[in-house]
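Notes for the one structure printed next.
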Amino acid sequence: MGGGWPGWRLAAPPREGRASATSKYSLAPGWERAYKAGVGGPRLVAAFVVIMTVTAGGWVLVRARRPPPADDGTVVAHHLPAVRRAADPFERWTITEQFAAQHAMVVQVETRHLDDALAIARQIALPLQSRYGEILVYFHRPGRPDTLPPRRVQWTPGGGFVVLDLEAQ
């Protein structure tokens, strides 16, 4: 059974009535023995599953411990809430949408009390004045039956609160 190139072995001739899976010269004599020992079957699959589980678990742990990305100073426009909320019929006014980008904030409010627009806008804008350079509050009737808002209140640091009655125009 010896002979041939180093690392190769001569395979035994096939027995009568039995086909041989190996050729005359085999490059990896250890593989056949390992496969016959059971490494090529369920044990190999189990080893693969264990290795993949450990790899995925390590990736999850590393990912979970990674600090959040540093704020690079870029301002991204955001939209809160993601979907438009319906007006609460039991409240005097309800914020249904709000948008912010750069140094401006736009708030959509639904209310039956359009005459109180300035007072409502003050309640909304006062906590936000330190973060924005302009705040626009648009007032709609509940359900928004009008295409355009009937009132708008604008706040800027230089001009203060300015009410614009869009129905009168």
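Values in this text are rule-based calculations from the coordinates and carry no lab data. Values in this document were obtained by computation on a predicted structure and should not be read as measured data. All Cβ positions, even for glycine, are placed from backbone atoms using ideal geometry, and neighbour counts span all protein chains on display.
For residue 166, the residues whose modelled amide H falls within less than 5 Å of its own, excluding neighbours fewer than 5 places apart on the same chain, are 151, 152.
Put simply, the amide H of residue 140, placed in the peptide plane, has neighbours under 5 Å in 109, 110, 111, leaving out anything fewer than 5 places away on its chain. Take the Kirkwood radius over Cα pairs of the stretch 101-169, plug it into Stokes-Einstein at 4 °C and 1.567 mPa s, and you get 106 µm²/s for translational diffusion.
Work out how much length residue 146 to residue 102 would gain on full extension: take 0.36 nm times their residue separation and subtract the Cα-Cα distance, in nm to one decimal.
Numbers: separation 44, 0.36 × 44 = 15.84 nm, distance 2.88 nm.
Here the segment from residue 146 to residue 102 would lengthen by 13.0 nm.
Amide H contacts for residue 93 (H built 1.01 Å from N in the peptide plane; partners 5 or more residues away or on another chain; cut-off under 5 Å): none found. Per-residue 3J(HN,Hα) values for the stretch 132-139, derived from phi via the Karplus relation 6.51 cos²θ - 1.76 cosθ + 1.60 with θ = phi - 60°, read 10, x, 8, 10, 10, 10, 9, 10 Hz in sequence order (x marks Gly and Pro).
What the Cβ-Cβ distance of residue 134 and residue 91 gives, at R0 = 25 Å and to the nearest 0.05, is a FRET efficiency of 0.45.
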